[in-house]
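Values in this text are rule-based calculations from the coordinates and carry no lab data. Everything quoted here is computed from the prediction, not taken from an experiment. Using ideal geometry, Cβ is built from the backbone for each residue, glycine included, and neighbour counts are taken over all protein chains shown.
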């Protein structure tokens, strides 16, 4: 009896959950490693080949789509999609900047391939969660050596915390804007996601851009 596509996908999810993947990517802002395509896609391809599944991507009509086909019954197809739209910007002279646009699209395709595969096959990354939990635990209980955290003067902290956060955020935005003749909110936020910044920081970046009139 032929195995259904959903059963095959579940078997692949189970197999992938038992693999300890190497993490080649590094997020210098948050200080954690993450998986790039090359770290997990070869093992995923082997699992799909074993279970007679083929998958592919489609980037058209404003969407990024992944679909998987049961090679034993090609009428069985599963899909997942996400919005995928890139505005064509202009250079300093107001002419269409096709080179920059193609670079952004290529980077976006790589990013969405990674995200679609991770979500479609439930390949979990725990470093982001672990990093945040460990940071919270250290802030609540002590430093890295297990020693209690020294009390902080609340008046002194309130005077210092806001400028430090602003400088850090401004530095991030400047780096995201670097070498970009077509500075716009969409491209900056896309680069922020590619670097693995969390939703809170991305939201702060977006608010800052709006305050500066960058759309």
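What the table below lists for this structure:
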item	result
Contact order relative to length of the stretch 5-128, as percent, for alpha carbon pairs under 8 angstrom and 6 or more apart	23 percent
Three-way shape label, the stretch 5-128, alpha-carbon gyration tensor, a/c 1.5	oblate
Förster radius 22 Å - calculated FRET efficiency between residue 54 and residue 19, Cβ distance, rounded to 0.05	0.60
Spin-label pair residue 63/residue 80, simplified geometry with 7 Å Cα→Cβ offset, distance in nm	1.5 nm
